[in-house]
Amino acid sequence: MDTIQYAGLTVECVTGDIAAQPDLEAVVNAANAWLRPGGGVAGALHRAAGPELAAACAPLAPIRPGQAVITAGFRLPNTHVIHCLGPVHGRDHPADALLAECHRNALHLAEEAGIPSLGFPALSTGAFGFPLQQAADIAVSTVLEMAPGLRSLRRVRFVLRREADRAVFAAALGQWSGTEGSDPPQT
């Protein structure tokens, strides 16, 4: 399932470029500890945002796995970027809890800033080696478990680079279809 409504929150999965989501107020960066430009999501966002993003990130670094910080979006079509350091699978423990904490902290920052729409990549699944299915289950569950407490945030989009990745996130999202007001699915 590509889109569901849950506790007043619209959650969707799309294939696309996280740096090209003009209808979202904020996007999440799969950051490194020093918040520097790199490959993957961090590289794409830093290239699109321009050098001002790296300058804004420098005094906020380093961050720990599970932590998130927020900056302006600069030349991105988004007002804000929330930078999250996901766990490196097999190195940072407890990995599942740290990945959930990334998503929770990003949602908290979005709420504090009054952000109505937020895009997430598949945090920790690239160079950090987190298994995609496990990451999708954690990401979707964390967002939907927090949905009842969200006031400003009305839309969360998971932006996946490849169609196969989108399908995995959509399947995780589909497990929640029709569960509002009942026990959530077991992941």
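Please treat every number below as a calculation from the coordinates, not as lab data. Remember, it's a predicted structure, so these values are computed and weren't measured experimentally. When we count neighbours, we look across all protein chains shown, and the Cβ atoms used for this are built from the backbone with ideal geometry, even at glycine.
Observations on the model:
- The modelled label-to-label distance for the pair ALA61/SER152, using points 7 Å beyond Cα in the direction of Cβ, is 2.6 nm.
- Centre-to-centre, using Cα atoms only, the range 2-32 and the range 112-168 are separated by 7 Å.
- Against the chain, whose longest principal axis is taken from its Cα atoms, helix 132-146 shows a tilt of about 80°.
- Look at the dipole of the range 3-174 built from charges on Cβ: of GLY50, PRO94, ALA68, the Cα furthest out on the positive end belongs to GLY50.
- Structural size metrics of the range 24-144, computed from C-alpha coordinates, are Rg and Dmax of 13.1, 36 Å.
- Near ASP137: Cβ cut-off under 13 Å, other residues only, Lys/Arg at +1 and Asp/Glu at -1. The net charge is -2.
- Rounded to the nearest 10 degrees, the angle from helix 40-49 to the longest Cα principal axis of the chain is 60 degrees.
- Between ALA20 and GLU52, the contour length at 0.36 nm per residue exceeds the Cα-Cα span by 9.7 nm.
- Environment charge of ALA19, counting only residues whose C-beta is closer than 14 Å and scoring Lys/Arg +1, Asp/Glu -1: +2
- Cβ-isolated cysteines (cut-off 4.7 Å), the chain: CYS13, CYS57
- Net charge of Cβ neighbours under 13 Å - reference ARG75; Lys, Arg +1; Asp, Glu -1: 0
- Cut-off under 5 Å, modelled amide H: who pairs with PHE158 long-range: GLU12, CYS13, VAL14, PHE120
- Using θ = phi - 60° and Karplus 6.51 cos²θ - 1.76 cosθ + 1.60, couplings along the range 53-59 (whole Hz; Gly, Pro as x): 5, 4, 5, 6, 6, 3, x
- Estimated 222 nm signal from helices in the chain, with DSSP H stretches of n ≥ 4 weighted -39500 (n - 2.57), rounded to 500: -10500 deg cm²/dmol
- For the range 3-174, a simple Cβ point-charge model (Lys and Arg +1, Asp and Glu -1, everything else neutral) yields a dipole of about 260 debye relative to the Cα centre.
- Taking the DSSP beta bridges with both ends in the chain, the antiparallel portion is around 35 percent.
- With loop membership from DSSP and a limit of 16 other Cβ atoms within 10 Å, the longest segment of the chain without trypsin sites (Lys or Arg not before Pro) is 1-74.
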